[in-house]
Each structure stands twice: as C-alpha cells, then as structure tokens.
Amino acid sequence: MSIKAIIFDMDGLMFDSERVTLEAIKKIGQAYQYVIEDEHVHEIIGTNQKYAKKRFQERFGEDFPFEDIMKQKKVDILEYYQTEGVPKKEGLVELLEYLKEKKLPLAVATSSYRESATFILKKAEVFPYFDAIICGDEVTHSKPEPEIFLKAASTLGVYPEECIVIEDSENGLIAAQKAGIRSIFVKDLVTPKNEVLAKVFKQADTLRDVIEILKSHQI
C-alpha cells in the first residue's frame, strides 16, 4: 500500500472538544429558553455553520437565535481552553511523533473556522506537526461532501488514493468515501451507521491504536 500523506479531522478526533461543545451549547440554549438535547448537537457534528443553522431552525423555528448562541459558544469554549487547556485525546502526541519519524506529510481538515482551529492547535502544542490546515470557512461544501479532503490532498501534493483520513464522525467518513480516500474510524461520542462503518479501511478505539494499524500495513 503506497500511502504518502495522512489527513486528520480535529474536533472529537484529536481533542475531546465535542464534549465541551455539547455542554456549552446546551447551557447557552437554556439561557435562551431552548431545550437543546444531546442528539440535536450530535447531528451537526462535523458540519459547517450553514448546515448547522439550517438544522437548528428546522427543529426550533426560524426565530432560533443561531448566530447569538454560536457566538457565545465560541467565547465560552475559548475561555475554557484558556483556563483548563485543550483536552488532547489518548495517543495523539504518540501518533504525531510516529508519523513525523516516518516523514509523512500531515494535514488537518476541520469544519472549524481558521481562527478557532489555529488557536486550538497552537494551544494544544501540536500546530507545528502539520504541513497544511484546511478549515470550514475555506470550502464551499462541508462534510459529508468531499471538498475539504480533496483540497487537503491537493495542498499536500498527493492524489486522494495516496492518503488516509483519520475521522471520528459519520459525516467525515462519508466525505472521505466520496473523495476516494481510505479512512480509519476512531470512536468518539456518536457511532456511525453500520453501512458507513462497513466501508471504512479500519476501526480503532484510540489514536494510539492507529499506530499499530499503520505499522501492520507497513506505513
């Protein structure tokens, strides 16, 4: 197998940020007199702001104050990271070090916007590992469309079939499949549908397990 680059999702994969986001949105929604359940947040994981707004307004009505809630969410989360640090997922640094030793180009392909993504990656002290960062405000079509992964591969100078995407969300896995890129699914908050998991290259419980998967395929 000729793999020349690895593409990482960010939220929920590298960092335990989706749990922080979940609690923040629920708390802020409550202040606005909206009961936002876990499942409402789960269905927008890995998507962009446009899609998320559409889903919330379909559920809560056109008057749902999406922009206000998202603006406050951003403030609350960044404050949390400033005081508590960014919660890195188990095995992240070990995996990045392994790939660095292998001299494989690395990219981040995240639905988060550039400002937030850069802050989080730097705060977590993993920014220097990556050769490219493609963000949600830099593509027209968000996951589950393949644009962000195709752009990441192109930026790294490799073909899609020469990459592996590491993802934790159903939308991300579908996007990788549409892009013609092998994917490794790492478990997080929400388990994708069986028909989506059936098409992934491999599954892992943690990022540390991904190292063993790569080693077993001479990567």
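From the set of residues in segment 40-61 that are of a type in the set (Gly, Ala, Ser) and within 19 Å of SER116 (Cβ to Cβ), which is surrounded by the most Cβ atoms within 10 Å (Cβ to Cβ)? Give the derivation first.
In the first step, residues of segment 40-61 are kept if they are of a type in the set (Gly, Ala, Ser); the result is 46, 52, 61.
With the extra rule that they be within 19 Å of SER116 (Cβ to Cβ), the set shrinks to 46, 52.
Details: GLY46: 29, ALA52: 20.
Out of the qualifying residues, it is GLY46.
Listed here are the residues, each with its yes/no results for (1) farther than 25 Å from ASP16 by Cβ; (2) surrounded by 15 or more Cβ atoms within 10 Å (Cβ to Cβ); (3) touching an Asp or Glu at 6+ places or on another chain (Cβ under 9 Å).
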| position | (1), (2), (3) |
| --- | --- |
| GLN177 | yes, yes, no |
| ILE181 | no, yes, yes |
| VAL190 | no, yes, yes |
| PHE201 | no, yes, no |
| LEU207 | no, yes, yes |
| GLU212 | no, no, no |
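Return the residues of segment 131-151 that are surrounded by fewer than 17 Cβ atoms within 10 Å (Cβ to Cβ) and in contact with a Leu (Cβ under 7 Å, 6 or more places away or on another chain); say none if nothing qualifies.
Of everything in segment 131-151, just one residue is surrounded by fewer than 17 Cβ atoms within 10 Å (Cβ to Cβ) and in contact with a Leu (Cβ under 7 Å, 6 or more places away or on another chain), namely ASP131.
Within segment 73-112, track down each residue that is without any contact (Cβ under 8 Å) to a residue 40 or more places away in the chain and part of a loop (DSSP other than H, G, I, E, B).
If the condition is that a residue be without any contact (Cβ under 8 Å) to a residue 40 or more places away in the chain and part of a loop (DSSP other than H, G, I, E, B), then GLY85, LYS103 are the ones that fit.
Give just the number: which of (1) buried (at least 19 other Cβ atoms within 10 Å of the Cβ); (2) farther than 19 Å from ASP16 by Cβ; (3) at pLDDT 95 or above; (4) not acidic (Asp, Glu) does LEU121 not satisfy?
(2)
Looking at segment 152-201 only, could you name the residues that are among the basic types (Lys, Arg) and within 17 Å of the chain's Cα centre (by Cα)?
LYS178, ARG182, LYS187
List, please: which pairs have Cβ atoms under 7 Å, are six or more places apart or on different chains, and start with a residue in segment 151-176 that is within 20 Å of ASN48 (Cα to Cα) and end with one that is assigned to a helix (DSSP H, G or I) and of a type in the set (Val, Ile, Thr)?
ILE166/VAL210; GLU170/VAL196; LEU173/VAL196; ILE174/VAL196; ALA175/ILE148
Any residue at all in segment 152-160 that's farther than 16 Å from LYS4 by Cα and surrounded by fewer than 22 Cβ atoms within 10 Å (Cβ to Cβ)?
Within segment 152-160, the subset farther than 16 Å from LYS4 by Cα is none.
No.
Could you go through segment 157-164 and let me know if any residue there is at pLDDT 95 or above, under 15 Å from GLY12 (Cβ atoms) and among the aromatic types (Phe, Trp, Tyr).
no
Of all the residues that make up segment 1-59, how many are within 22 Å of LYS187 (Cα to Cα) and among the charged types (D, E, K, R)?
10
Residues in segment 185-209 that are farther than 21 Å from HIS42 by Cβ, of a type in the set (Lys, Arg) and free of Cβ contacts under 8 Å to residues at least 40 places away in the same chain: how many?
Residues flagged as farther than 21 Å from HIS42 by Cβ, of a type in the set (Lys, Arg) and free of Cβ contacts under 8 Å to residues at least 40 places away in the same chain within segment 185-209 amount to 1.
The values are calculated or read from the model by the stated rules, or taken from the named source; none is laboratory data. Predicted, not measured: the structure shown is a model, and the values here were computed from it. Counting neighbours? That spans all protein chains shown, and the Cβs are built from the backbone with ideal geometry, glycine included.
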